[in-house]
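A.B. asks: Have a look at the structure that comes next, please.
The values are calculated or read from the model by the stated rules, or taken from the named source; none is laboratory data. Computed from a predicted structure; not experimentally measured. Note that each Cβ is placed from the backbone with ideal geometry, even for glycine, and that neighbours are counted across all protein chains shown.
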Amino acid sequence: MDHSGANYFKNKTFKFYSLLSALILGLVLLAIIIFIGKTGLLVFKDVSFKEFFFSTTWEPDQGKFGAAIFIIGTIALTALTMVMAVPLSLLLAVYIVEIAPAWLKRIIRPVLDLLVGIPSIIYGYLGLTILTPFLRDITGSVMGDGLLAAAVTLTIMVLPTVTTISDDAISSVPSELREASYALGSTRLQSVLRVILPAAKSGIMTAAILGMARAIGETMAVVMVIGNTAQFPETLFTPTAVLTSNIVMQILDVEFDSTWNYALYMMAFILLIVSNLMIIIVRRIRAKGV
């Protein structure tokens, strides 16, 4: 009886601490959203909504806080990154699961896990010292940095994450589907395109969205290779800036109670909302198994 009572107490204690941990985590997230959002919204006391989101003039010293350049730059960089990263990651995941011999799988998968853990500043430093000079030499551009350099760097960063999640999704496809496809006379390519990938589309979509979330929120690697200039890029090799790079480059130079600081907080709030929306989308995809 005493033993049962002790187990009951342990179970109740574990349940209490689990619930408490979840509540604390939720409160911390809510506090972050409220603080950043409340601070960021103060920018609209001095700057109109239209100017902030649609103006391309970012001159804080002149009282002009148009963030359209950074918003559009973020969208362009993320789109270019995903155009390069998702197909490569998907091809690699298919190769690992469907084609690679067992001994090679045992090498590739741990390597991908190690690549995920490399700090982003390492990727940025390699991009700055190797990729940017390479692009400058082969294109004849003056600087070499810009959207392409940043997109290639981010592609290398997100590729292990997208590949690993896609690998898990493709591996989870029941073997009966493969056997049925081959029994009907399908080639390996037909089975992959018409059976395996459609069956794993929920996990693949999750991988793409999580990769996009990392690309949008990445800071240090982007700062080191994008050029950090508030201008529309005329080419892929024109220095420009995105939300994250502009925040990190300017946040230390402004007073907290200033419109400039509020504008930077509003940029952070935009990134926070977008990231949370992506997580919500991922959760819904997993719940529905789309």
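A.B. asks: Restricting to the stretch 123-176, and then to whatever is hydrophobic (A, V, I, L, M, F, W, C) and outside any helix (DSSP H, G or I), can you tell me which residue is farthest from M205 (Cα to Cα)? Explain how you work it out, then say what you get.
C.D. replies: Going through the stretch 123-176, the residues hydrophobic (A, V, I, L, M, F, W, C) turn out to be 126, 128, 130-131, 134-135, 138, 142-143, 147-152, 154, 156-159, 162, 165, 169-170, 173.
From what is left, the residues that are outside any helix (DSSP H, G or I) are 142-143, 173.
Values: V142: 38, M143: 35, V173: 15 Å.
Per the stated criteria, the residue is V142.
A.B. asks: In the stretch 136-169, which residues are over 21 Å from A208 (Cβ atoms) and surrounded by fewer than 22 Cβ atoms within 10 Å (Cβ to Cβ)? Lay out the reasoning, then the answer.
C.D. replies: Within the stretch 136-169, the first condition is being over 21 Å from A208 (Cβ atoms), and the residues that meet it are 136-146, 149.
Passing the criteria: R136, D137, I138, T139, G140, S141, V142, M143.
A.B. asks: Okay, moving on. If you take the residues in the stretch 113-122 that are assigned to a helix (DSSP H, G or I) and free of Cβ contacts under 8 Å to residues at least 12 places away in the same chain, which one is nearest to F237 (Cα to Cα)?
C.D. replies: Initial filter on the stretch 113-122 (assigned to a helix (DSSP H, G or I)): 113-116, 120-122.
With free of Cβ contacts under 8 Å to residues at least 12 places away in the same chain added as a condition, the list becomes 114, 122.
Values: L114: 30, I122: 22 Å.
The extreme case among them is I122.
A.B. asks: Only one of these conditions is not met by L264: (1) modelled with pLDDT under 85; (2) part of a helix (DSSP H, G or I). Which number is it?
C.D. replies: Tallying (1) modelled with pLDDT under 85; (2) part of a helix (DSSP H, G or I), L264 fails exactly one: (1).
A.B. asks: Also, I was wondering about something else. List pairs: first in the stretch 91-112 and farther than 19 Å from V195 by Cβ, second of a type in the set (S, T, Y) and assigned to a helix (DSSP H, G or I), Cβ under 8 Å, 6+ apart or cross-chain?
C.D. replies: Filtered contacts from the stretch 91-112: L92/T163; R109/T164; L112/T163; L112/T164.
A.B. asks: Determine the pairs where a residue that is closer than 10 Å to A149 by Cα and in contact (Cβ under 8 Å) with a residue 24 or more places away in the chain, located within the stretch 222-233, has a partner that is assigned to a loop (DSSP other than H, G, I, E, B) and among the charged types (D, E, K, R) with Cβ atoms under 7 Å apart, the partner being 6 or more residues away or on another chain.
C.D. replies: V225/D145; I226/D145; G227/D145
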